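Notes to accompany the following structure.
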Amino acid sequence: MATTYRTCPVSGLQFEDQAEKLMRWNAVAGVLWLLVGGITALLVILTRWPAIKLLPADQFYLILTAHGVDMLILWILFFEMAVLYFASSTLLRCRLATPKIAWLGFWLMVVGGITTNIAIFQGESSVMFTSYVPMQAAPHFYLGIILVAVGALLGTAVFFGTLVVAKKDKTYQGSLPLVTFGALTAAIIATFTILAGAGILIPTFLWSIGLIKEIDAQLYRMVWWGLGHSSQQINVAAHVSIWYLTAAVIFGAKPLSEKVSRGAFLLYILFLQLASAHHLLSDPGMSSEWKVLNTSYFMYFAVMASMIHGFTVPGAIEAAQRRKGYTNGLFEWLRKAPWGNPVFSGMFISLVSFGFLGGISGVVLGTEQINMLMHNTFYVPGHFHTTVVTGTTLAFMSITYLLVPVLFRREMILPKLCQIQPYLFGISMSVLGLVMMGAGTLGVSRRHWDMAFSGAPFQYEWPGAAYLMMGLTGIFGVIAVIGGGLWILLVVGSLLFGKKLDGGKVSNQPTPIPANTQAASAVAHGSDHVGVPGTVVLALLLFVCFVLYYFVNWKYLSEVWLLS
Amino acid sequence: MSAILPPSDRLWWKQPIDKVEWAWIAIAFVWGMIMFAMMIYWHVYGKQNLSNEAYKTTPELFGAKAEKFIAENTIRTETDQNIPVVKVPAGGDGYLIARLWAWYPILELEKGQTYKIHLSSMDYAHGFSLQPVNINIEVLPGYEHVVKMTPTKEGTYAIVCNEYCGIGHSSMLGRIYVK
């Protein structure tokens with residue numbers, strides 16, 4: 001098929017015509033879903049803020065369902081499709097395999113997303129993102145998600161096909177770049193995840209139209225989390241890839257060790273799926289042996305992988321900076337980093353927030369006995385707003401500051417606002433996550449409309465601190481929504497009004513990645529080795545916080561009623 | 001060369017790993033094993049472990065057992081809805097029904113006694129969230145979960161439902177007395 005290749009004059013990246021269009025459409029669709037998700041976020045926050053309590057109960061649950069679906073599935077999946085096409089076609093400088101299938105996948109996802117949203121906004125499908133049976137949504141709620149999943153599966157298949165094309169057309173030599181390798185792990189996890197999703201959502205759809213009589217509530221939870229949790233692992237693999245990408249683009253950083261970074265991605269494939277079990281730690285139907293085996297022995301290998309990335313990403317940046325001469329003290333490399341560049345600042349806040357807040361809270365939450373202190377409390381959304389939002393979403397936002405000029409050929413408008421946006425959003429969302437976890441530690445429930453329990457036969461008064469935490473949740477939630485809204489405004493504004501940039505040379509043939517010379521390989525053999533003491537200090541700080549917080553929670557647990 | 005290009009050394013897997021990286025990997029690995037051991041340690045020596053005793057049941061079967069328990073052990077009724085307050089025999093079995101949108105009945109326990117509390121749902125999934133103690137257990141229809149509990153302090157406790165169960169979810173509040 002005839003296609004063209006454009007070499008971006010700014011970045012030197014090469015975009016194949018079809019892949020470029022697909023990336024743009026997927027990214028734009030993702031941003032539109034983020035807009036819907038953001039509006040619903042504001043309504044959720046203003047309802048859970050006890051002083052405001054905006055919506056009535058039925059609308060609150062409806063909006064909360066929409067917020068979960070539009071953010072966790074639609075915004076992130078559309079953006080991830082763009083990431084997959086970028087990591088394959090653009091980084092490997094080859095044509096996209098079967099662009100028609102990729103477009104089919106895109107439109108299936110669009111139709112599916114709209115279908116599910118119609119079901120939600122019609123009001124008969126306020127079943128939350130998790131849609132636990134036997135609570136039933138309208139059939140088109142499930143059907144829409146199935147269409148999205150099929151579309152995403154097609155996109156993933158195109159990604160795999162594109163890797164084959166690159167190999168066959170010899171557009172690169174040797175092994176895949178690390179970022180593409182990371183995207184490959186994301187795509188492999190996605191395949192597993194979507195199949196698990198099909199395994200539960202297709203029967204649930206059939207049940208909703210009356211063809212299946214009953215679905216076991218425990219079985220549903222087990223298989224559903226094979227979709228629900230694993231899909232978050234796609235996000236982790238994708239945003240870690242973006243961290244490496246940012247480090248490479250901004251600093252020219254190379255991985256400290258290809259072997260270690262790739263090994264860590266491999267651990268994700270092997271072990272992350274099993275971590276889905278940690279959603280069932282306080283369930284009746286599983287034994288302790290099953291819970292402990294799946295969540296610890298196996299999950300901790302995935303935790304180890306994240307700890308490795310948490311070390312090697314800043315380590316790679318530190319090494320690159322030290323090579324440039326920023327060698328004073330422990331942290332000159334970090335102080336002299338381009339904090340005014342939103343691509344970097346967003347990525348670094350994402351890294352720190354994901355590690356210190358999302359990572360630590362996730363492991364503690366995933367400890368069998370400690371889970372009883374937090375299961376279904378506000379701690380849970382607190383945790384995942386510091387993984388999926390400050391981790392994944394912020395990484396996606398920050399890389400967009402790079403993609404707008406490179407992929408959409410527009411200059412970002414209002415550069416001052418672009419500079420502050422990652423701080424505004426990243427910091428407020430991190431604090432939001434923290435105060436949500438604080439409220440959860442005090443017992444406040446997630447997915448709950450009324451802390452005053454009006455209409456109940458009894459009274460229960462939450463501690464004053466819980467109201468304080470929920471008030472702070474409201475304040476920082478609103479700031480975070482403003483920060484997210486600002487990003488949408490800047491991106492959409494730049495796409496519409498930004499200065500048009502030169503697209504660069506267009507060719508009918510891809511220009512392959514030049515082969516490495518022997519000299520370059522020799523250099524990589526450790527002769528330019530630099531130490532990374534600053535990263536060691538940061539990593540040890542993370543470790544100390546991790547250990548302390550972990551044991552504090554065992555102390556909390558030892559103080560509750562005895563259970564056996 | 002960089003993370004967006006193929007590794008400059010084609011035999012990248014033969015490159016030695018730096019000592020610092022090895023050390024961090026070792027720390028992460030050992031820490032994982034400590035956390036693994038900690039859960040098992042708590043099963044042996046800890047006093048807060050969620051029961052593994054659970055049975056398949058149906059709303060009808062569980063409801064019948066619970067009604068029998070309530071009929072035999074009710075000591076009084078409370079509120080204008082006449083919700084029975086049921087004294088669970090010390091060391092004995094108590095039943096708690098989760099349904100749209102109530103925890104039924106009110107249980108009365110004694111401090112320091114160990115009870116086998118049977119939990120199940122009549123309809124949707126519910127969440128047993130004992131406050132202000134903050135113990136949270138999933139309650140599912142079709143499963144009878146037998147949780148051994150020993151209250152450590154007297155007082156009036158609330159059972160909040162923390163698994164979303166529909167429009168009345170936020171009014172689903174139950175009560176446990178500990179004398």
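The values are calculated or read from the model by the stated rules, or taken from the named source; none is laboratory data. It should be emphasised that the depicted structure is a prediction, and the values quoted were computed from it without experimental measurement. Positions of Cβ are backbone-derived with ideal geometry, glycine not excepted, and every protein chain shown enters the neighbour counts. What goes into the accessible areas is simple: the full protein's heavy atoms, side chains included, and nothing from ligands, DNA or RNA. Shrake-Rupley method; radii C 1.70, N 1.55, O 1.52, S 1.80 Å.
A few remarks follow.
- Buried between B and A is an accessible area of approximately 8800 Å², summed over both sides with a 1.4 Å probe.
- Lys/Arg +1, Asp/Glu -1 at C-beta; the stretch A:361-481 dipole; positive extreme among A:474, A:402, A:431: A:402
- Remark: the stretch A:1-159 carries a charge dipole of roughly 300 debye about the Cα centre, counting +1 on each Lys and Arg Cβ and -1 on each Asp and Glu Cβ.
- Estimated vicinal HN-Hα couplings, Hz - the stretch A:40-55 in sequence order (Karplus 6.51, -1.76, 1.60; Gly, Pro = x): 5, 4, 4, 5, 5, 4, 5, 8, 6, 5, x, 6, 10, 6, 5, 8
- Packing rank of A:480-486, A:90-96, where each peptide gets the mean count of other beta carbons within 10 Å, highest leading: A:90-96, A:480-486
- Each Lys or Arg adds one and each Asp or Glu takes one away; over the other residues whose Cβ falls under 12 Å from the Cβ of residue A:381, this sums to +3.
- Put a plus charge on the Cβ of each Lys and Arg, a minus charge on the Cβ of each Asp and Glu, and nothing anywhere else: the dipole of the stretch B:54-178 about its Cα centre is then about 260 debye.
- Rounded Å value of the spacing that divides the Cα centres of the stretch A:1-79 and the stretch B:20-43: 37
- Surface analysis of the protein assembly as shown yields an accessible area of 36 Å² per residue, using protein heavy atoms and a 1.4 Å probe.
- Amide hydrogen proximity for residue B:109: with H placed 1.01 Å from N in the peptide plane, the residues at 5 or more positions away or on another chain lying under 5 Å are B:177, B:178, B:179.
- Cβ-based charge dipole, the stretch B:54-178, positive-most Cα from B:171, B:149, B:124: B:149
- For the stretch A:191-265, the spread of Cα coordinates along the three principal axes comes to 58, 20, 15 Å, biggest extent given first.
- DSSP-defined antiparallel bridges as percent of all bridges, the protein assembly as shown, nearest 5: 75
- Farthest towards the positive end of the charge dipole of the stretch A:302-429, among the residues A:412, A:312, A:347, is the Cα of A:412, using unit charges on the Cβ of Lys, Arg, Asp and Glu.
- About the Cα centre, charge dipole magnitude for chain A (Lys/Arg +1, Asp/Glu -1 at Cβ), debye: 1600
- When only alpha carbons are used to place a centre, the stretch A:109-177 and the stretch A:327-405 end up 25 Å from one another.
- Beta bridges by DSSP in chain B, antiparallel share as percent, to the nearest 5: 70
- In whole angstrom, the protein assembly as shown maps to an equivalent ellipsoid with semi-axes of 47, 28, 23, each derived as √(5λ) from the alpha carbon gyration tensor and ordered largest first.
- Base-10 log of normalised Debye intensity for chain B (one unit scatterer per alpha-carbon) at q = 0.16 Å⁻¹: -0.97
- For residue B:85, neighbours were defined as the other residues whose beta-carbon sits under 12 Å from its Cβ, and their charges (Lys and Arg +1, Asp and Glu -1) total +2.
- Burial order of peptide ranges A:3-10, A:149-156 (average beta-carbon count within 10 Å, highest first): A:149-156, A:3-10
- Phi angles across the stretch A:101-112 convert, under the Karplus curve 6.51 cos²θ - 1.76 cosθ + 1.60 with θ = phi - 60°, into 3J(HN,Hα) values of 5, 4, 5, 4, x, 4, 5, 4, 5, 5, 4, x Hz, Gly and Pro given as x.
- Counting only protein chain heavy atoms and rolling a 1.4 Å probe, the accessible areas of B:95, A:220, A:326 rank, largest first, as A:326, B:95, A:220.
- Accessible surface of chain A, 1.4 Å probe, proportion on carbon and sulfur as whole %: 71
- Each residue was assigned an accessible area with a 1.4 Å probe, and for residue B:175 the value is about 50 Å².
- Summed residue charge, Cβ within 13 Å of residue A:251's Cβ, Lys/Arg positive, Asp/Glu negative: +4
- DSSP-defined beta bridges in the stretch B:74-179 - what % are antiparallel, rounded to 5: 70
- Derived scalar couplings between HN and Hα for the stretch B:119-129 equal 10, 7, 10, 8, 8, 8, 6, 10, x, 7, 10 Hz in order, rounded to whole Hz, by the Karplus curve 6.51 cos²θ - 1.76 cosθ + 1.60 (θ = phi - 60°), x for Gly and Pro.
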